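The values are calculated or read from the model by the stated rules, or taken from the named source; none is laboratory data. Note that the structure is a prediction, hence the values are computed from the model and not measured. For neighbour counting, all protein chains shown are included, and Cβ atoms are generated from backbone atoms with ideal geometry for every residue, glycine included. All accessible areas refer to the heavy atoms of the entire protein, side chains included, with ligands and DNA or RNA removed. Shrake-Rupley method; radii C 1.70, N 1.55, O 1.52, S 1.80 Å.
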Amino acid sequence: MTGARRLAVVTMNLGGPDGPEAVEPFLRNLFGDPAIIELPNPLRWFLARMLSRRRAGVARGTYARSGGGSPLLANTRAQAKALEDERAGLGAVKVFVAMRYWHPMSEETARDVKAWGPTEIVLLPLYPQFSGTTTASSLRRWREAAAGAGLDAPPRAVCCYPEQPGFVAAAADLI
């Protein structure tokens, strides 16, 4: 398969705790992001620990009402599978999932992508809008993780699709 096109699509989303024990570390990852709290470490680290401890109980109760954890990973995996199924027949295309604040995080996914050996990578943030605390943070984290994994395939990011007239019209038609 040398020289053949191998396209890795990395879907990106926020992530969420997969059970009650994951709520506090998920919140610590969230509040520890410099895009969320713009303070230098160790101040940001201290504040992230304090906020995650303080908010964990309320958040656990909220997640308990929806089955104990966030449905976001299952939903994102379903979207990734649907995209992969749609691309079947276009050659070697594999869709991966990277979450920003809980597993599978960019570091894990970058290692999986590297092991698959793509010639191209498309980064597909699934956020409903562009924000420095969502899309930009996920793309920044991916770049760091990809470098750490030794990925050398050129990445391209799909950005700001919710602002495209065709997307807006399709969403409006569904409403």
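Let me confirm something: among Thr76, Thr135, which residue is touching a Phe, Trp or Tyr at 6+ places or on another chain (Cβ under 6 Å), within 25 Å of Ser52 (Cα to Cα) and surrounded by 13 or more Cβ atoms within 10 Å (Cβ to Cβ)? Full working, then the answer.
On the way: Thr76 fails: touching a Phe, Trp or Tyr at 6+ places or on another chain (Cβ under 6 Å).
Testing whether each residue is touching a Phe, Trp or Tyr at 6+ places or on another chain (Cβ under 6 Å), within 25 Å of Ser52 (Cα to Cα) and surrounded by 13 or more Cβ atoms within 10 Å (Cβ to Cβ) leaves just Thr135.
Is it fair to say Ala35 is within 24 Å of Pro155 (Cβ to Cβ) and either free of Cβ contacts under 8 Å to residues at least 24 places away in the same chain or hydroxyl-bearing (Ser, Thr, Tyr) (or both)?
On the way: within 24 Å of Pro155 (Cβ to Cβ): yes; either free of Cβ contacts under 8 Å to residues at least 24 places away in the same chain or hydroxyl-bearing (Ser, Thr, Tyr) (or both): no.
In short, no.
Filter the stretch 14-36 down to residues that are farther than 18 Å from Thr62 by Cβ and open to solvent by less than 20 Å² (accessible area, probe 1.4 Å), then give me how many there are. It would help to see each step written out before you state the result.
If we filter the stretch 14-36 for residues that are farther than 18 Å from Thr62 by Cβ, which is where we start, we get 32-36.
Retained after the next criterion (residues that are open to solvent by less than 20 Å² (accessible area, probe 1.4 Å)): 33.
Final tally of qualifying residues: 1.
Which condition does Val95 not pass, out of (1) of a type in the set (A, V, I, L, M, F, W, C); (2) on the phi < 0 side of the Ramachandran plot; (3) at pLDDT below 95, if it passes all the others?
Just one mismatch for Val95, condition (3).
Within the stretch 1-13, how many residues turn out to be over 19 Å from Thr134 (Cα atoms), crowded, with 16+ Cβ neighbours inside 10 Å and hydrophobic (A, V, I, L, M, F, W, C)?
At the first step, the residues of the stretch 1-13 found to be over 19 Å from Thr134 (Cα atoms) are 1-8.
If we keep only those that are crowded, with 16+ Cβ neighbours inside 10 Å too, we end up with 6-8.
Imposing the further condition that a residue be hydrophobic (A, V, I, L, M, F, W, C) reduces the set to 7-8.
Selection size over the stretch 1-13: 2.
Counting residues that are under 23 Å from Asp33 (Cα atoms) and among the hydroxyl-bearing types (Ser, Thr, Tyr), which helices (runs of 4 or more DSSP H) fully inside the stretch 85-175 reach at least 1?
Details: elements: 106-116, 135-149, 165-174.
Fully inside the stretch 85-175 and qualifying: 106-116, 135-149.
List the residue pairs whose Cβ atoms are under 9 Å apart, where the first residue sits in the stretch 152-165 and is over 14 Å from Val113 (Cα atoms), the second is hydroxyl-bearing (Ser, Thr, Tyr) and not in a loop (DSSP other than H, G, I, E, B), and the two are 6 or more positions apart or on different chains.
Ala157/Thr135; Cys159/Thr135; Cys160/Thr135
Being part of a helix (DSSP H, G or I), touching a Gly at 6+ places or on another chain (Cβ under 7 Å), over 21 Å from His103 (Cβ atoms) and among the basic types (Lys, Arg), is that true of even one residue in the stretch 53-63? Before the answer, list the steps.
Kept after step one, since they are part of a helix (DSSP H, G or I), are these residues of the stretch 53-63: 53-63.
Narrowing further to those that are touching a Gly at 6+ places or on another chain (Cβ under 7 Å): 63.
Filter once more, so that each one left must be over 21 Å from His103 (Cβ atoms): none.
No: zero hits.
Counting only residues that are touching a residue at least 60 places away in the same chain (Cβ under 8 Å) and in a loop (DSSP other than H, G, I, E, B), how many does the stretch 12-32 have?
5
Taking the stretch 40-54 only, how many residues are surrounded by 13 or more Cβ atoms within 10 Å (Cβ to Cβ) and within 26 Å of Phe130 (Cα to Cα)?
Looking only at that region, the number is 6.
Can you go through Gly91, Gly68 and tell me which one is more than 14 Å from the chain's Cα centre (by Cα), under 16 Å from Glu21 (Cα atoms) and in contact (Cβ under 8 Å) with a residue 24 or more places away in the chain?
Values: Gly91 fails: under 16 Å from Glu21 (Cα atoms).
After applying the criteria, what remains is Gly68.
Could you grab me the full set of residues in the stretch 96-130 that are among the basic types (Lys, Arg) and either under 11 Å from Ala8 (Cβ atoms) or open to solvent by less than 40 Å² (accessible area, probe 1.4 Å) (or both)? So that I can check it myself, show each step before the final result.
Initially, the stretch 96-130 is screened for residues among the basic types (Lys, Arg), giving 100, 111, 114.
Within the stretch 96-130, Arg100, Lys114 qualify.
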